[in-house]
Amino acid sequence: MRLTRLSVAAVLALPLAVTPASAGPGPRPQPITVAGVLPAPARVSPSPERFILTPATTIAAEPAAVPMAEQLAAALRPATGFRLPVSEGGAISLRFDNAITGEGYRLTVHPDRVELRAGTPHGLFNGVQTLRQLLPTAIESDTVQQAEWTIPGGEIEDTPRFAYRSAMLDLARHFHTPDEVKRYIDQISRFKINYLHLHLTDDQGWRIQIDSWPRLTAVSGAPGTGVRGLGGGFLTKSDYRDLVAYAAERYVTIVPEVDMPGHVNAAQVAYPELTCDGVAPKPRIDIRVGYSSLCAGKEVTYRFAEDVIRELAVMTPGPYLHIGGDEAHSTPHADYLRFQERVLPLVQKYGKITIGWQEIAAANPGNAIIQYWNHEAEMPETAGKVIMSPANRAYLDMQYDLLTPGGLHWAGTTEVDDAYSWDPGDLLPAVPEGRVLGVEAPLWSETLRDLDDIEFLAFPRLVAIAEIGWSARSDWDSFRTRLGAHGPRWTRQKVRFYSSPQIPWLRESAAR
Ligand code: ACM
């Protein structure tokens, strides 16, 4: 919602000081225990016992659990230098238990054994992420470290509050390479984020190969496209499929977005017939929004929409396809409705479930999933489930404060406690918890060039959204203590993060 910006004066009037909820340094991070996990598990019972990983430790897995056991071993081998073979017997065991449902898992740590149980491979994956956080920080190193590889004792029984916990990356304003996207997937999946929404098209660039409309990427994915002409590039179909597979190994489902009928200048530069007057617009490298629109009265519009949706659906194994629909300020309302009446059924025709930004709720979208983002606008009533991503809480591209580099501030500034202190289940009176599918943390790329820029805005706020989506209860003091203890892990992993003044222990670890 980049038109209704806060004026600089209004932003300067926002409280920059730390709010009372964040006052004081907060409790000092404790030694690692089962109570320190991010996002907070449903139930934890610490015990004074501990398990110690040694060069002789082996990992046991039943056949269907072997891939996850191998993932665990691969994560632990570089820093320990241990062989950690996966076999039928072993002190660390991964097994299925039909009494545990969905993404849930149970992890029990005794002095002589570690048992991870889940009903599904995804549940085992989640348990492995938890187990990794229980080992000393040195486990994050990619070279052999001398450490006592202790796992604190106790039991964790865990299950998510919401099924859909998502991050979004904008590849249109600045393209981010497949390697950068993979590194982001590595990080978000550590916090049990299970969807990655890729915003693939916008006014400044078109970033996904579409065979039936090749100029989309040949022209609008070329070098020189993107904000300030610095964000060129695009995903070939093979890049995209490789990303989908990489994400799937980490239980992250890719949700592709093509934004229509607004945010289409890049498509119209490549194909002028997609404008009403047939005249090619100029390529845009600025960050304005709301000026471009597909032409609801032309048949070519629907051929284009159908071709793009069909090709995207074919290369996307996940159930969802996002068709944008936001900020179509230059599409007359009647045309917007006419456009959506033709395009919404196309997503179903190609076997996918529609997601659209909040504005599509006005177009009778049936059971389409609505993504709430504009906290200043009404949310029309709909039948479908809702993904919560209010811009003033969940948009990772909002600056932390006016002095931090990168990001924008049209929805205000968002410190870590702003990102954490809200409840998706009671944010909108008309959307009770049962209609909330989950949460998303979008990261728009107007100001982002590289992975450092992405990480600085995402961390630690992404973890706040991950915990809101996963954990049944929120507790700011507990959260910031656990977050503070996580800083050295990011430092070991060479992940850039913002050392918020609200979390002094995080600041300390950044300085180390
Ligand atoms: C949006 O921020 N325009 C969805």
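Quick notes
- The single residue among 113, 106, 50, 117 that is modelled with pLDDT of 95 or more and surrounded by fewer than 16 Cβ atoms within 10 Å (Cβ to Cβ) turns out to be 113.
- All positions within region 250-267 that are more than 16 Å from the ligand (Cβ to nearest atom) and either more than 29 Å from the chain's Cα centre (by Cα) or over 18 Å from residue 213 (Cα atoms) (or both): 250, 251, 252, 253, 254
- Residues satisfying the stated conditions in region 462-488, i.e. surrounded by fewer than 20 Cβ atoms within 10 Å (Cβ to Cβ), part of a helix (DSSP H, G or I) and under 22 Å from the mean Cα position of the chain (by Cα): 476
- Residue check for residue 351: loosely packed, with under 15 Cβ neighbours inside 10 Å and either hydrophobic (A, V, I, L, M, F, W, C) or within 22 Å of residue 166 (Cα to Cα) (or both): yes
- Count of residues meeting criterion [touching a residue at least 60 places away in the same chain (Cβ under 8 Å), farther than 27 Å from residue 196 by Cα and among the small types (Gly, Ala, Ser)] in region 292-336: 1
- Tallying residues that are surrounded by fewer than 19 Cβ atoms within 10 Å (Cβ to Cβ) and farther than 17 Å from residue 217 by Cβ within region 261-279 yields 5.
- Residue match in region 472-479 (condition: in contact (Cβ under 8 Å) with a residue 12 or more places away in the chain, among the aliphatic types (A, V, I, L, M) and more than 16 Å from the ligand (Cβ to nearest atom)): yes
- Those residues of region 322-362 which are touching a helix residue (DSSP H, G or I) at 6+ places or on another chain (Cβ under 8 Å), among the hydrophobic types (A, V, I, L, M, F, W, C) and more than 16 Å from the ligand (Cβ to nearest atom), in sequence order: 337, 339, 343, 344, 346, 347, 353
- Residue tally, condition away from the ligand (no atom under 13 Å from the Cβ) and of a type outside the set (Asp, Glu), over region 363-378: 7
- Residues that are loosely packed, with under 15 Cβ neighbours inside 10 Å and of a type in the set (Val, Ile, Thr), drawn from region 280-324: 300, 314
The values are calculated or read from the model by the stated rules, or taken from the named source; none is laboratory data. Not measured: the values here are computed from a predicted model. Positions of Cβ are generated from backbone atoms using ideal geometry, with glycine treated the same way; all protein chains shown enter the neighbour counts.
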